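K.L.:
Submitted below is the structure of interest, expressed as structure tokens.
Computed from the coordinates by the stated procedures, all read-outs in this text should not be read as laboratory data. Just so we're clear, the structure is a prediction, and the values are computed from it rather than from any experiment. Cβ coordinates were reconstructed from backbone atoms using ideal geometry, including for glycine residues, and neighbour counts include every protein chain displayed.
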Amino acid sequence: MSVQAKAKVRLNDVAKKFPGQENVTALEGVSLEVAESEFVSIVGPSGCGKSTLLRLVAGLYEPSSGTVEIESSKPDRPKTAMVFQEHALFPWLSVRENVMFGPRNRNMPKKEAAEIADEQLARLGLARFGDFFPHQLSGGMKQRVGIARALAQDAEVLLMDEPLGALDAQTRTLLQEQILELRQQTKPTVLYITHAIDEAVFLSDRIVLMSARPGRIRDIVQLDFGPDRSPELRGTSEFAALSQDIWNHLRDEVQLAMAVDDR
Amino acid sequence: MSPSVYRGAQAWAIPIVLLAVWETSTRAGLLDPRFFPVLSDILVTAVDQLVNGRLGLDLVLTLQRLMMAFALAAVLGVAIGVASGRWRTVELLIRPITDTLYPLPKIALLPLFIIIFGRGEGAYVITAFATGFFQIIISTRGSVRDVPSDLIEAGRNFGATGTRFFTRLLFPAIAPGLLNGLRLGMATCLITLVAAEFVGAEYGLGAMIRRAGQQFAVEEVYAGIVLAGVLGLLINLAFRLVTPIVLPWQRPAQRAAGGQKV
Amino acid sequence: MRRALGEKWPLFVGPVFILLTWELLSRADVIRPTFFPPPTEILIRAGIIFDAGSGMGGDIIATLLRVLATIFFAVLIGVALGIAITASQWMERGTNTVLAFLYPIPGVLFFPFLTFLLGRTEMAIILTALVTPLIVMVLYTVAGVRSIDRTLLEVADNYGADGARRFFGILVPGALPSIVTGIRVSLGFTLIAVIAIEMVGASNGLGQFLWSNWQILRVTDMYVALLIIAVLGLLSSVGFDAVADRMLPWRRDVQGAQT
């Protein structure tokens, strides 16, 4: 799938070192292409540089070497829109104003931005909560606002940094299904970071497995469920086998990373 | 009793008992009236001095100095505090200066400022300014550093760059800490100002207390001290009233926590 | 995080620039050397600290002793009082109101009253200096006790820790990080109060030295006094932090709420 479709994101032999702290190499020799409308998950032990990778694509960090390219379809379209693990909503803005934040920074008229915001909030089932402040919402609702805020950007690439990591199990399952629905409706290009293997299998076209210290791509697993999979996929034996298989791949890495942490 | 009434009762029971004990024991002559005047006499003296005596003039002068010192300290302190919280080079540049001058009792600089600015208003305003200025730099710098990094990243990722970064992201994000820092800054301005007036000025609340002390006018000394305390309370009250207007998005509990900080 | 010294060069730019400008302007007579003697001259003049004839050594010791005595009593009384009033909400909230009123009053204002009572004695000086630090110690101790995990107190009750054991075993160590921060803040206020009182009403001490030399316009000596006061200020803040961090390495993790 990634072969025939046009590449939207292209990472070319990317490395990232952080100065100070004994020159920690967060990433090394990472090359990856993400095709248009492809959903790619990145899985790996903590410290494998997943978050760093995402921030490089977002342009929040500069790579120490190598290049990160994002294909632009329109000149003024934002390149990336990010969903953060701890939602990172602006506490001083109402829910609607949070979602309008990106469009407003692109000088979109207030009325138009509000319409876009309400549309995205409705899509995530938050139509009634536009005038609330973030602290009045539950964790799951806050994260849906975070997703709405990213969708309102209509960016080339959607970046999701463990968006469900801080949520309880039920909310997480529900939101996974909501993200799947989103995938089917708007066909975004997504780079998705998660700890949960089942979540990655449930949502993705490809899963990138990473190893820690330095962060490297260890393996890439292609999944052929297609975008039109249903939530019942979780119950199938194929799903379970795949998850188990990926866990087997990853187990040594996680143990290695833990041993380093214990040292 | 509703919880808030109960809390109010708890907050005011002891102060009221103390005041009542003072009033009755001094009236009954249990305490030496030369040192412990009757409470209501102090209040009468305060009002009388405010209306008929020089105290009104002293108070106005102190308030004028306070406003000038605080305005200057707020503008410069916030600007430098934000810059040093944001840029490491600025931080390194001013760090040795703030580290040295923040803990230096500013009252000790009063003679120096009198040399520079003469015996006029300038020296007292600048002494008070110096206290609030460093206080506000340090608390502003702290607020900037305490902004969660993911909030900064979210701001940048969603296009808050250039001046927008400051107007739409940084200032709203630090607003609660900023307000608390300004409150502390204003209170320290007042403390130093009154102390400086006490030490060296001819007019002003502090000078009035010194004068009254030299004339053994005990009631006036007390009246001055009470007024100084009331001014401090008014500063806190003003910030407590302004906070919900400036920060309507804050949880009431957060607001209370911010106001309680010492 | 350790960084190369090369990245820290701006640390020296500010002080060097200010001192150098001052030196040059003063030497060139652009600013009046009578009022702004060059820093090198002040530094040379600082030798009077060790000159018995100048009496400055005695002034430094007098100020130091006053600061130490004040902070000693402030900690002793403040911590005891602070912990005691947490026993009752009525006491705690009521005291809070009283202290909120007294806190913004400069301590030095109580000096006239205390000299009525006690005369111009050392006792009057120390009691005056004690006002604000004592309030600070009470407030920080109360905050410290409030910051102790409720479950910890329940465990203590459950295991029968009461009386002295509860006081020294749970309350004091639990409130310690906040108390230590309180001592740092108190030290700052103590120094301010002692210097201010000495300026108006003591026969010795750095504040008195500063004020009297200014009045007879021996400006260089005034600067020497300022220099020493600045050093004392640095010791009470940066120096205190260095010592406290070594003795209580976990202090920084828990003090966040109070700073």
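K.L.:
Using R₀ = 22 Å, calculate the FRET efficiency as 1/(1 + (r/R₀)^6) where r is the Cβ-Cβ separation of C:ALA84 and B:LEU19; round to 0.05.
P.N.:
Values: r = 22 Å, r/R0 = 0.99.
The calculated FRET efficiency here is 0.50.
K.L.:
Also, quick follow-up: So if we plug the beta-carbon distance of B:TYR6 and C:VAL30 into 1/(1 + (r/R0)^6) with R0 = 45 Å, what FRET efficiency do we get, rounded to 0.05?
P.N.:
Values: r = 66 Å, r/R0 = 1.47.
Efficiency computed from Cβ-Cβ geometry: 0.10.
K.L.:
Normalised by the residues of chain B, what does the relative contact order come to in percent, with Cα pairs under 8 Å and at least six apart? It would help to have the intermediate numbers written out before the result.
P.N.:
Numbers: 269 pairs, mean separation 56.7, N = 262.
Here the relative contact order equals 22 percent.
K.L.:
Please compute the alpha carbon radius of gyration of the protein assembly as shown, then divide it by the globular-protein estimate 2.2 N^0.38 Å. Two decimals is fine. If you can, show how the numbers build up before the last one.
P.N.:
Details: Rg = 31.9 Å, N = 784, 2.2 N^0.38 = 27.7 Å.
Its radius of gyration relative to the 2.2 N^0.38 Å reference: 1.15.
K.L.:
If you don't mind, another one. Before anything else, pin down the relative contact order of chain A: Cα pairs under 8 Å, at least 6 apart, normalised by residue count, whole percent.
P.N.:
Values: 485 pairs, mean separation 68.0, N = 263.
That works out to 26 percent.
K.L.:
Once both labels are modelled 7 Å past Cα along the beta-carbon direction, what's the A:ASP168-C:ARG150 spacing in nm?
P.N.:
If labels sit at A:ASP168 and C:ARG150, their model points lie 1.9 nm apart.
K.L.:
When you look at the Cβ of every residue in C:7-15, what mean number of other chain Cβ atoms sits within 10 Å? Present the calculation step by step, with values, prior to reporting the outcome.
P.N.:
Working: counts 5, 3, 3, 9, 7, 3, 5, 8, 4.
For peptide C:7-15, the averaged partner shielding equals 5.
K.L.:
For peptide B:106-118, compute the average count of partner chain beta-carbon atoms within 10 Å of each residue's beta-carbon.
P.N.:
Numbers: counts 3, 12, 18, 4, 5, 12, 8, 0, 1, 8, 3, 0, 0.
Mean partner shielding for this stretch: 6.
K.L.:
Under 8 Å for C-alpha pairs, at least 6 residues apart: give me the relative contact order for chain C, rounded to a whole percent.
P.N.:
Details: 264 pairs, mean separation 57.1, N = 259.
Once divided by the residue count of chain C, the mean separation gives 22 percent.
K.L.:
Name the lysines eligible as straight-distance cross-link partners of B:LYS106: C-alpha to C-alpha under 19 Å, and not fewer than 8 places from it in the same chain.
P.N.:
none
K.L.:
Another question about this same structure. Working from Cα positions, state the angle (0 to 90°, nearest 10) between the long axis of helix B:121-146 and the longest principal axis of chain B.
P.N.:
40 degrees
K.L.:
Can you pick out the pairs among A:LYS16/A:LYS187; A:LYS79/A:LYS142; A:LYS50/C:LYS8; A:LYS50/A:LYS111; A:LYS16/A:LYS110 whose Cα atoms lie more than 28 Å from each other? Show your work: numbers first, answer last.
P.N.:
Values: A:LYS16/A:LYS187 30 Å; A:LYS79/A:LYS142 23 Å; A:LYS50/C:LYS8 32 Å; A:LYS50/A:LYS111 37 Å; A:LYS16/A:LYS110 39 Å.
The answer is A:LYS16/A:LYS187; A:LYS50/C:LYS8; A:LYS50/A:LYS111; A:LYS16/A:LYS110.
K.L.:
Please sort C:110-116, C:48-54, B:220-226, B:235-241 by packing, taking for each peptide the average over its residues of neighbouring beta carbons within 10 angstrom, highest first. Mind showing how you got there, number by number?
P.N.:
Values: C:110-116: 22.3, C:48-54: 11.7, B:220-226: 24.4, B:235-241: 14.9.
Highest-to-lowest ranking by the protection proxy: B:220-226, C:110-116, B:235-241, C:48-54.
K.L.:
Sticking with this one: Which of the helices in chain C meet the span-like rule: DSSP H, Cα axial reach of 30 Å or more, Kyte-Doolittle mean at least -1.0?
P.N.:
On the way: long enough: C:56-85 (43 Å, 2.14); C:122-146 (35 Å, 1.82); C:172-201 (40 Å, 1.64).
Qualifying helices: C:56-85, C:122-146, C:172-201.
K.L.:
Also, quick follow-up: Please give the peptides C:31-38, B:30-37, B:148-155 ranked by average Cβ packing (other Cβ atoms within 10 Å per residue), highest first, as a rough proxy for protection. Present the calculation step by step, with values, prior to reporting the outcome.
P.N.:
Working: C:31-38: 16.1, B:30-37: 13.8, B:148-155: 17.9.
My ranking of the peptides, most packed first, is B:148-155, C:31-38, B:30-37.
K.L.:
To make sure I understand, if each residue's beta carbon is the centre and we count other beta carbons within 10 Å, what order do A:GLU71, B:GLU91, A:GLU112 fall in, fewest to most?
P.N.:
A:GLU112, A:GLU71, B:GLU91
K.L.:
Kirkwood Rh over alpha-carbon pairs of region C:1-70, then Stokes-Einstein at 10 °C and 1.306 mPa s: what D in µm² s⁻¹, rounded to an integer?
P.N.:
Numbers: Rh = 15.3 Å.
Approximately 104 µm²/s, per Stokes-Einstein.
K.L.:
Still on this structure: Pull up the cross-link candidates among the aspartates and glutamates for A:LYS6, meaning alpha carbon to alpha carbon under 14 Å and not fewer than 8 places away within one chain.
P.N.:
A:GLU33, A:GLU36, A:GLU38, A:GLU69, A:GLU71, A:GLU156
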